Amino acid sequence: MLHFLIQLSGKLLHLKKKSIAIIILAFILLSATIAFLLEPDTFHSWFNAFYWVMTTMATVGYGDYFAATVTGKVFTIFLYIFGIGLLSLVIGKIIDAMGEMQRRRGAGTLTFHGHNHVVLINWNRKTQAAVDEILCYDRECKVVIIDENGRHPLESMEQVHFISGDAASDDVLLKANIGSARAAIVFSDTRIDEASLSDGKSLLIASSIERIAPQVHTTVEIMQEKNIQNFKHVQVNEFVLSHDAISRLAVRSALQEGNSEVITQLLSREHGDDIYEIPRRSGWTTYGEAFQDLLRQGATLLSDRGDLGINRKLGQPIPADARLYIVADEATYRRIKES
């Protein structure tokens, strides 16, 4: 009997999880039925027998039901030996599955199934800063990093998912669920020394995103400004020239003291006020009306899209397709948005 149980347990170990689940469910239901048939006066109903089998297998028997006949006690011993062993096998399988899931998460082989996330492509220090800024902006936002590195760079952060592979590959982008993403940012691959080759790889990735998910807002970092013309046939929403902002900020800091502090506040949500987009209100006819109304609420109207000359157009009507941006702290922005 013991030899048979050992052999049976060995075979169960090699079964698929779905098969084991079906076998355990069938074993529990059959055991409850046998227990009720053996001792109907003890259990009174099939459900009570089922309850007794579950508490016995879970080793938490409360003693409110117990076998009274020899046959029933023999069957109880069978449950102790085989049933508890079967339950231990299930627990072991669950722990193994959780461990395997964690290993796959670290290796970047798990498909992401979330929505409205931000996809960051190519891992480097700028990507790390981007993750920090995104989570500072929205703590609940999910971030997916795609990189050819074989290990999750931020494994301790639950909000960050990792996909290992070439981002120009359709399979890799689909694993990141690119079609349901809020935005995608392509950083230059710092492992490529030649700037033109790095921009060429970014172009290839941007082309793949455009083909698979043209609705996703795509931002691409480029190393050389002259290469922007090569992206014209790809519907990239924004370009960021690498190191350009840093160079300009350094010059402003050197020539105009304190200038860099203002720009730093606008660049990062961690510092001071920030830029927010607000919807146009029906009561605003001109830029001046919007400017004065927002000023009374503690915000400053900054621009309409990329037009920063609002203060010179206060008497002009606001176009129907205007996109207005303000400078304010988060509390003021939320108060304006909700009012």
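The values are calculated or read from the model by the stated rules, or taken from the named source; none is laboratory data. Source: prediction; values computed, not measured. Glycine also receives a Cβ, built like all others from the backbone with ideal geometry; neighbour counts cover every protein chain displayed. For the accessible areas, the whole protein counts, side chains as well, though only heavy atoms, and no ligand, DNA or RNA atoms are used. Shrake-Rupley method; radii C 1.70, N 1.55, O 1.52, S 1.80 Å.
List of remarks:
- Scanning the stretch 164-206 for residues that are among the charged types (D, E, K, R), open to solvent by 30 Å² or more (accessible area, probe 1.4 Å), under 20 Å from Gln229 (Cβ atoms) and touching a residue at least 24 places away in the same chain (Cβ under 8 Å) yields one hit, Lys201.
- Note on the stretch 148-163: residues that are aliphatic (A, V, I, L, M) and either under 11 Å from Phe112 (Cβ atoms) or open to solvent by less than 10 Å² (accessible area, probe 1.4 Å) (or both) amount to 2.
- When the stretch 129-149 is filtered for residues that are more than 19 Å from Asp274 (Cα to Cα) and at pLDDT 90 or above, the ones remaining, listed by number, are Lys142, Val143, Val144, Ile145, Ile146, Asp147, Glu148.
- Answer residue from the stretch 111-127, given it is closer than 14 Å to Ala167 by Cα and among the polar types (S, T, N, Q) and is most open to solvent (accessible area, probe 1.4 Å) among those: Thr111
- Matching residues in the stretch 69-110 - criterion: being in a helix (DSSP H, G or I), in contact (Cβ under 8 Å) with a residue 24 or more places away in the chain, open to solvent by less than 90 Å² (accessible area, probe 1.4 Å) and not hydrophobic (A, V, I, L, M, F, W, C): Thr71, Gly72, Gly83, Gly85, Lys93, Arg105, Gly106
- Of the strands (runs of 3 or more DSSP E) lying entirely inside the stretch 174-284, those containing at least 1 residues that are at pLDDT 85 or above are 183-186, 217-222, 274-278.
- Residue in the stretch 9-18 that is at pLDDT 75 or above, open to solvent by less than 50 Å² (accessible area, probe 1.4 Å) and assigned to a helix (DSSP H, G or I) present: no
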